[in-house]
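The block underneath contains the structure these notes are about, expressed in structure tokens.
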Amino acid sequence: MAAPESSAAAVPTLYTNNALRNAFGGVLAFFILLLIGVMAFSIRLFSVIKYESVIHEFDPYFNYRVTQFLAKNGIYEFWNWFDDRTWYPLGRVIGGTVYPGLTLTAGTIWWLLNSLNIPLSVETVCVFTAPIFSAFASWATYLLTKEVKGTGAGLTAAALLAMVPSYISRSVAGSYDNEAVAIFALIFTFYLYIKTLNTGSLFYATLNSIAYFYMVCSWGGYTFIINLIPMHVLLCIVTGRFSSRLYIAYAPLVVLGTLLAALVPVVGFNAVMTSEHFASFLVFIILHVVAFVYYIKGILTPKMFKVAVTLVVSVGLAVCCAVIAVLVALVASSPTKGWSGRSLSLLDPTYASKYIPIIASVSEHQPPTWPSYFMDINVLAFLVPAGIIACFSPLSDASSFVVLYIATSVYFSGVMVRLMLVFAPAACITSGIALSQAFDVFTRSIKFQLPGIASNTEVDAAETSSSTAEAQNDVEKSEETSKNRPSKKSKKKEKEEKPLPKAKAEKKRLLALPLDSSVISLLLLILLGALYVVHCVWAAAEAYSAPSIVLTSRSHDGLHVFDDFREAYAWLRHNTDVDDKVASWWDYGYQTTAMANRTVIVDNNTWNNTHIATVGTAMSSPEKAAWEIFHSLDVKYVLVVFGGLVGYPSDDINKFLWMVRIGGGVFPHIKEPDYLRDGQYRIDSQATPTMLNCLMYKLSYYRFVETDGKAFDRVRQTEIGKKYFKLTHFEEVFTTHHWMVRIYKLKPPKNRIRGKTKKPKTKTSTTSSRAKRSGTGKKNPWH
Amino acid sequence: MAREKSSKDNAQALFHSLRSAYAATPVNLKIIDLYVGFAVFTALIQVVYMASVGSFPFNSFLSGVLSCVGTAVLAVCLRIQVNKENKEFKDLPPERAFADFVLCNLVLHLVIMNFLG
């Protein structure tokens, strides 16, 4: 940074000027980060303002119940907890099957606040955990992007992540799910890995392993980290970027990380035995081989090295082939090649629909539609390619990692809509880089043209005034500068002597675009950012803040609130015995155990397909067979969700075909075509008799005709087929205000059987045999 | 015949040059190399023992082997950072490298003791 002034006294002034500017920049960056954190927290509070501070959805209720247990009984009880109020009669080992990171985090925060005499309830802590950790996640994004490209890119990326709708959808206040802390752990682990890669310090490698441990505790998606980092190491080795920093960044992580992952009970020995981790071990071995080769190359002369290579290659190749053959035989002998079902369905998107219908039936596991990309990341969708190109100039270890991260996460987000969440931070990082570079170019152009130097008319003004041309500018500027080099040589020397705030040594050419187009482009970029903010706030307020346990609708009468779910669970809680078992479809299991505090048969954990198939078969069978199945499971109450009166589309009749499929997968007497008329699923008068007689139909539409006289189902938009019928084995005990949840009780078996279960005309011929007589022509002894 | 002889000569020449090049390394690095060799040797003994006796309890075997491999890896990292010929780490004081090494070993052995059962 040579100063144009020649006097020695001017140099200290320049130095203090720079130090002052750096200090001011640092303070400004700190306050910007603080504001970004506040914004990330507040944008997620729409659901608390619009509804109330309540836990959303289904899975968070399980986490909330576990946190309640932890807060009440302490950590030793939590580790050893065997839950007998779910999956009756199997129970569930909570300590060994839950990812403890989220509950331990919230439990720690609750305990800390309570020991400081701030008496927040467990529910409040659970509801607000996600917004707090999203603020942390945006700070972690700042740190990560700063390691890749500098402070400006870091701040932009942090601001983008704080608002990106994809992340908001899984971390609103009340969405107390694993991803709330896991995304923070993911970004923080990546940041520490890049930091270790850049500095080569073993201290950061240790921190990296501990952050990876936190990630393993929090979410099953940790396999993404333990496969992406080895992929990146392999990429660095193959592209000739092997260095000792790479060794320090990767080797301790593998050893410590595997050990720490094995410590978590849910993972246990899977950390060394499943295929998801083999990539890390393979790359570990490859890294050591490469490091050894480099070492030998360093201490030998080139001639001797060639001799060593021929010797090793001839001997080592044979040994290698033998070892690889043994490994391949071992892995190929298992039917799934060692991969778990969920990972296989990620690699082969059609796997789940062919073999595991339960995984295929979850709505979060479906592939996303194209519009959902624009809904979830909006403006970033076309800033990402510009960011990828910016990562290549110059290409460093850190920026190659970012490119790899975004490439893999785009693929996986295309397989499962739930994984859009992993794609969002990568999109924010690359877009932050692109936006910050664009701002850089324009502001520098403006700055160098302000002191009055006439703009060089020979510079090619290739940009149009549309904002989409910004992405092309980064590509065009390199072409421009190569074209304009001969004409600008004279001016180049003058401009280089001015102090550049972010000058890189490689950039010898100056990029000065015309003043007016720079100003207009800058304004358009700001407009782009404004549109992004508007969309994000709208998405957070309207699309992603619904707690889904409380529904609202607007009509000409005003606002209607549908609180039927909580009404039903409260009824169960107050009007049934503590030990009564409730059967429903697995969607409602977590909510029933958490809010109604009753034992359920199946819940959202879906670990036992046969048990779920049993419940599905019961729902698809006629009343008597269903009664038999439920009676064998000690069930007392059956809960059914019905949306036909109010038009709630996610009710059990709409999910019924999945019950049939899952039940039919285990019990072959349930056949899906029996429930379809000409391949169409109908419940009106054209429905099949199997459909009209099954338990789900009867429990949903019992007495439905009394509501409007015509039994018009608002969801299916037709009148139902069988309108007048009585229930023989069940009795209705409760229906909520809008008929959304209906609870039935199993009728107890009669003490005396009055006559055999045969038709009356055959009975009259055998009256001489027994004293018991049948009733007057009744077919059903339970009536 | 001549090719065999030359390959044997080559192997011998290679061996000699390796020995002479290694003898030139400083003493502190040789001590670290000895430590690495000891750790790997201990790991091999444990694997041989597991192969002969069986792998129950698996967590003890895993923690034992991984502790040996872990200390070996950390010692190699220390060697890299302390090596004076390494241009990337010339302004890293060896005391800092050793402190990092000790810290990482502490974390490693804490985890090992927890996992050993």
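The values are calculated or read from the model by the stated rules, or taken from the named source; none is laboratory data. Here the structure is a predicted model, which means the values were calculated and not measured. Cβ atoms come from the backbone with ideal geometry, glycine included; neighbour counts cover every protein chain shown. Ligands, DNA and RNA are excluded from the accessible area calculation, which covers all protein heavy atoms including side chains. Shrake-Rupley method; radii C 1.70, N 1.55, O 1.52, S 1.80 Å.
Which one is surrounded by the most Cβ atoms within 10 Å (Cβ to Cβ), of the residues in segment A:159-202 that are in a loop (DSSP other than H, G, I, E, B) and within 14 Å of chain B (Cβ to nearest Cβ)?
A:Gly200
Tally time: how many residues in segment B:61-117 are within 7 Å of chain A (Cβ to nearest Cβ) and not in a helix (DSSP H, G or I)?
1
In segment A:257-293, what residues are more than 8 Å from chain B (Cβ to nearest Cβ), out of contact with any Ser or Thr (no Cβ under 9 Å at 6 or more places or on another chain) and open to solvent by 50 Å² or more (accessible area, probe 1.4 Å)?
A:Met273, A:Phe278, A:Leu282, A:Ile285, A:Ile286, A:His288, A:Val289, A:Phe292, A:Val293
Yes or no: A:Leu70 farther than 30 Å from A:Ala390 by Cα, part of a helix (DSSP H, G or I) and among the hydrophobic types (A, V, I, L, M, F, W, C)?
Here the answer is yes, as A:Leu70 does meet what is asked.
Quick one: A:Glu628 ticks every box in (1) crowded, with 18+ Cβ neighbours inside 10 Å; (2) free of Cβ contacts under 8 Å to residues at least 12 places away in the same chain bar one, so which box is it?
(1)
Taking the criterion of being surrounded by fewer than 16 Cβ atoms within 10 Å (Cβ to Cβ) and small (Gly, Ala, Ser), would at least one residue in segment A:226-248 satisfy it?
Yes, segment A:226-248 contains a residue that is surrounded by fewer than 16 Cβ atoms within 10 Å (Cβ to Cβ) and small (Gly, Ala, Ser).
Kindly list the number of the only condition in (1) more than 9 Å from every other protein chain (Cβ to nearest Cβ); (2) farther than 23 Å from A:Pro265 by Cα that fails for B:Pro57.
Status for B:Pro57: all satisfied but (2).
Has segment A:86-98 got any residue that is under 24 Å from the mean Cα position of the chain (by Cα), among the aliphatic types (A, V, I, L, M) and buried (at least 18 other Cβ atoms within 10 Å of the Cβ)?
Scanning segment A:86-98 turns up at least one residue that is under 24 Å from the mean Cα position of the chain (by Cα), among the aliphatic types (A, V, I, L, M) and buried (at least 18 other Cβ atoms within 10 Å of the Cβ).
For A:Leu253, are the conditions met, namely being on the phi < 0 side of the Ramachandran plot and within 8 Å of chain B (Cβ to nearest Cβ)?
On the way: on the phi < 0 side of the Ramachandran plot: yes; within 8 Å of chain B (Cβ to nearest Cβ): no.
No, not satisfied.
Could you tell me whether segment A:109-129 includes any residue that is of a type in the set (A, V, I, L, M) and within 30 Å of A:Phe630 (Cα to Cα)?
no
For A:Phe213, work out the one condition from (1) modelled with pLDDT of 95 or more; (2) open to solvent by 20 Å² or more (accessible area, probe 1.4 Å); (3) more than 13 Å from chain B (Cβ to nearest Cβ) it doesn't fulfil.
Answer for A:Phe213: the failing condition is (3).
Taking segment A:680-711 as the region of interest, how many residues are closer than 20 Å to A:Thr735 by Cα and open to solvent by 70 Å² or more (accessible area, probe 1.4 Å)?
4
Go through segment B:11-33 and give me each residue that's more than 16 Å from A:Lys297 (Cβ to Cβ), touching a Leu at 6+ places or on another chain (Cβ under 7 Å) and surrounded by 15 or more Cβ atoms within 10 Å (Cβ to Cβ).
B:Ile32
Please state which one of A:Tyr99, A:Tyr88 is within 30 Å of A:Ile612 (Cα to Cα), modelled with pLDDT under 95 and either in contact with a Cys (Cβ under 7 Å, 6 or more places away or on another chain) or in a helix (DSSP H, G or I) (or both).
After applying the criteria, what remains is A:Tyr99.
Out of segment A:27-78, which residues are open to solvent by 50 Å² or more (accessible area, probe 1.4 Å) and at positive phi?
A:Glu57
Every residue in segment A:523-573 that is under 23 Å from the mean Cα position of the chain (by Cα), of a type in the set (Gly, Ala, Ser) and open to solvent by 40 Å² or more (accessible area, probe 1.4 Å), please.
So in segment A:523-573, the residues under 23 Å from the mean Cα position of the chain (by Cα) come out as A:532-533, A:535-550.
Those still in the list that are of a type in the set (Gly, Ala, Ser) too: A:539-541, A:543, A:545-546, A:548.
If the condition is that a residue be under 23 Å from the mean Cα position of the chain (by Cα), of a type in the set (Gly, Ala, Ser) and open to solvent by 40 Å² or more (accessible area, probe 1.4 Å), then A:Ala543, A:Ala546 are the ones that fit.
Within segment A:649-656, identify whether any single residue is open to solvent by 10 Å² or more (accessible area, probe 1.4 Å) and within 19 Å of A:Val582 (Cβ to Cβ), and answer yes or no.
yes
Is there any pair linking a residue in segment A:584-606 that is within 13 Å of A:Gly616 (Cα to Cα) to one that is of a type in the set (Gly, Ala, Ser), with Cβ under 7 Å and at least six apart or on different chains, and which?
Every condition considered, the pairs that remain are A:Ile601/A:Ala583; A:Val602/A:Gly589; A:Asp603/A:Gly589.
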